[in-house]
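Take a look at the structure below.
The values are calculated or read from the model by the stated rules, or taken from the named source; none is laboratory data. Keep in mind that what you see is a predicted model, and the values were worked out from it rather than measured. Please note: Cβ atoms are built from the backbone with ideal geometry, for glycine as well, and neighbour counts cover all protein chains shown. The accessibility values were calculated without ligands, DNA or RNA, using every heavy atom of the protein model including side chains. Shrake-Rupley method; radii C 1.70, N 1.55, O 1.52, S 1.80 Å.
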Amino acid sequence: YQRRVHGRMENYGLTTFSRQGKLDQLDYALEAMMRGESSIGICAKNGVVLASEKKITSVLIDEESFRKIELLGVAKGISFSGLSTDFRALLLKGRKEYQRFDSIYKTPVTTQRISEKMSKVIQEATQSGGIRPFGVSLLIAGYDHDGPHLYQIDPTGAYFGWKATAIGKNMVGLKNFLEKRYSDNIELEDAIHLAILMLRENYEGEMNELNIEIGVIGEDKRFRILTPTEIKDYLKEAD
């Protein structure tokens, strides 16, 4: 529907293109993502690292009840920037697809396929009546039979494989940083240090092991989230 705003007619239809060829609701979804806390993904030659800011808004919140990095399955990890409620809904759908594929084919779903399936869910929300686009971007990390992979999915439903990328606040600056520092031969340990360096450069305030999260998957093909103690050790090495 339309209404007059500041003397001009504005289109508020969820699935209607504006005169400029845009879906306004998608622009709002992208804005919600870009206001989210930064998340970084780096694909090394022997694994993938996901790293994310994790700012708790109140000291009364149970830190264990909120995560920026989660397991999709044994061999897949996921992080996000944007609306946490939208992320949880997509995480549930992704886990169901992971389990469905595993139960049918008795093998883990590839990173590309799970990314494609989740991107389809996000894309359908941009052209269906009565619902809004998801205000979140996702980073999916996995280690398949042909090596490590990193995918990014945007609120539009577009998904691409990346060597290294960033989403959320200051993602343009972080990507520029990656373009200067990333190497195709980077090792997983070096990728972890690079991710920490990037978060520290972008972090507002004092960064410690409780307000960032790091997840890694290596040649063992098991994604795991580092403990605060492990992160603290990496922070000390970075000093």
Got the relative contact order for the chain handy, in percent, Cα pairs under 8 Å and 6 or more residues apart?
28 percent
Go through segment 123-218 and name the chymotrypsin sites (Phe, Trp or Tyr not before Pro) that are in a DSSP coil and have 12 or fewer other Cβ atoms within 10 Å of their Cβ.
none
Convert each backbone phi in segment 107-120 into a coupling constant with the Karplus relation 6.51 cos²θ - 1.76 cosθ + 1.60 (shift: θ = phi - 60°), then list the ³J(HN,Hα) values in order as whole Hz, x for Gly and Pro.
8, x, 5, 6, 4, 5, 5, 5, 5, 4, 5, 6, 5, 5
Starting from the 7 Å offset along Cα-to-Cβ, what nm value, one decimal, do you get for the label separation of residue 193 and residue 224?
2.1 nm
Mind giving me the nanometre distance, one decimal, between the label points for residue 20 and residue 85, set 7 Å out from Cα along Cα→Cβ?
2.7 nm
Does segment 35-126 come out rounded, prolate or oblate, given a ≥ b ≥ c as the square roots of the eigenvalues of its C-alpha gyration tensor, rounded meaning a/c under 1.5 and, failing that, prolate meaning a/b above b/c?
prolate
Tell me the carbon and sulfur percent of the accessible area for the chain, rounded to whole percent, probe radius 1.4 Å.
49 percent
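Counting Lys and Arg as +1 and Asp and Glu as -1, each charge on the Cβ, what is the dipole of the chain about the Cα centre in debye, to the nearest 20?
It comes to approximately 1120 debye.
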Quick query: amide H of residue 109 versus all other amide H atoms, modeled in the peptide plane; which residues come in under 5 Å with a sequence gap of 5 or more or a different chain?
102
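Arrange the peptides 36-48, 81-93, 52-64 so that the one whose residues have, on average, the most other Cβ atoms within 10 Å appears first.
36-48, 81-93, 52-64
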Most to least accessible of 239, 154, 233 (protein chains only, probe 1.4 Å):
239, 233, 154
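Report the full-extension gain for the segment residue 236 to residue 63: residue separation times 0.36 nm, less the Cα-Cα distance, to one decimal in nm. List each step's numbers first, then the result.
On the way: separation 173, 0.36 × 173 = 62.28 nm, distance 2.21 nm.
Difference between extended and current length: 60.1 nm.
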Beyond 24 Å, how much of the Cα-Cα pair distribution for the chain remains, as a whole percent?
46 percent
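Quick check for you: with a 1.4 Å probe and neighbouring chains kept, what is the accessible area per residue of the chain, in Å²?
53 Å²
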